[in-house]
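A short worksheet on the structure shown next.
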Amino acid sequence: MGKEKPQRLSEDDFPRLRQAWQQEFVDIVNGTKEELFPWREVNHEINLIDEGKQYKYYLPRCPRALQKQLHEKTNRYLNAKWWEPQAATQAAPLLCISKKDETLQTALDA
C-alpha cells in the first residue's frame, strides 16, 4: 500500500494530453472574442490624475516589420469597440515591441 510511482510520459503522449487540455479549457484557449459580452460592457473611464500634464510630442514610429500587425490590431480593436477614435491634443505614446516569436506587443508609455 505504498505510494505508486508517477507515470513517465513520452513525446508520444503529447498529442493525447494536448487534446484533453484543449477540451477541458476550451473556454480560454480559443483566443479572444472580438466583441464585448452584453453583461460586461465597459462602464468606467480611466481619467488622468494630472489632466494638465503635457507630453513631449514624438512622431509615431513602428518598425516596418510590425506595421501590418499594428494595422490589423488597430482595426480589430476598433471593430470590437475596445478603442474609439477621438480627437485629442495629446495621447500617451504607444510602443510597438517585437516578441520573441516576432509578433506584435503594444504597450503604453505613460
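The values are calculated or read from the model by the stated rules, or taken from the named source; none is laboratory data. For clarity, every value in this text was computed on a predicted model and none was experimentally measured. Please note: Cβ atoms are built from the backbone with ideal geometry, for glycine as well, and neighbour counts cover all protein chains shown. The protein model used for the area step is the full one, side chains on, heavy atoms only, and it has no ligands, DNA or RNA in it. Shrake-Rupley method; radii C 1.70, N 1.55, O 1.52, S 1.80 Å.
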## Note on the structure
Of those in the range 15-48 that are aromatic (Phe, Trp, Tyr) and open to solvent by less than 100 Å² (accessible area, probe 1.4 Å), the residue modelled with the highest pLDDT is 25
### Task
Answer with yes or no whether residue 51 is modelled with pLDDT of 70 or more and within 18 Å of the chain's Cα centre (by Cα).
no
### Message
Could you list, ordered by first residue, the pairs with Cβ atoms under 8 Å in which the first is in the range 73-90 and free of Cβ contacts under 8 Å to residues at least 24 places away in the same chain and the second is part of a loop (DSSP other than H, G, I, E, B), at least 6 apart or interchain?
### Response
74/83; 77/83; 78/84; 78/85
